[in-house]
Amino acid sequence: MQQIFLVFIGGGVGSALRYIIGLKLNQETIPYGTLTVNFLGSLLIGLLMGYYLKTANHTLTENQIAFMAVGVFGGFTTFSSFMYENLQFLFNEQYFRFVGYTILSLSLGFLAVFLGFLWGKNI
């Protein structure tokens, strides 16, 4: 029950941060806010999990992982907004933006989690 509460609180923090960044960065043409939060969230979860998995005694507790990885970073990143924005590109016949945004988002997300993981393992 405690972990559920921690995920709930962390998710609220992450969602609020995502909302603020979206207000500042999203534009009508390109959703830079969503791209930014998904990149940063992927980097940070990779960093956290790389660090967690490198330590034999797991210096982070399961409660800390639940709060940060599932709660904060899960609430911060947004797959559903990414999908909706792509749907809007298709509805508006902006096929180049659809393909470009999809490739860029997935590539940057994977690169970010990979680099974060390596960084976390080397801290």
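Would you please classify the overall shape of segment 1-71 from the alpha carbon gyration tensor, given that a ≥ b ≥ c denote the square roots of the eigenvalues, rounded means a/c under 1.5, and beyond that prolate means a/b larger than b/c while oblate covers the rest? Judged from the Cα gyration tensor, segment 1-71 comes out oblate (a/c at least 1.5, b/c at or above a/b).
About the Cα centre of the chain, how large is the charge dipole given +1 on each Lys and Arg Cβ and -1 on each Asp and Glu Cβ? Please answer in debye to the nearest 20.
Values: 5 positive and 4 negative charges, 57 e Å.
About 280 debye.
Model label sites at LEU106 and MET83, defined 7 Å from Cα along the beta-carbon direction, differ in position by 1.4 nm.
Out of all Cα-Cα pairs in segment 2-121, roughly what percent, to the nearest whole number, are more than 26 Å apart? Each step should come with its number before you reach the end.
Values: 1829 of 7140 pairs.
When all Cα pairs of segment 2-121 are counted, 26 percent exceed 26 Å.
Let me make sure I get this right: for segment 71-110, a, b and c are the square roots of the gyration tensor eigenvalues over alpha carbons, sorted descending. Under 1.5 in a/c it's rounded, otherwise prolate if a/b > b/c, else oblate. Which is it? It is oblate, given that a/c is not under 1.5 and a/b is not larger than b/c.
Every number here is computed from the coordinates shown, using simple stated rules; none is lab data. From a predicted model like this one, the values you see are computed outputs, not experimental measurements. Positions of Cβ are generated from backbone atoms using ideal geometry, with glycine treated the same way; all protein chains shown enter the neighbour counts.
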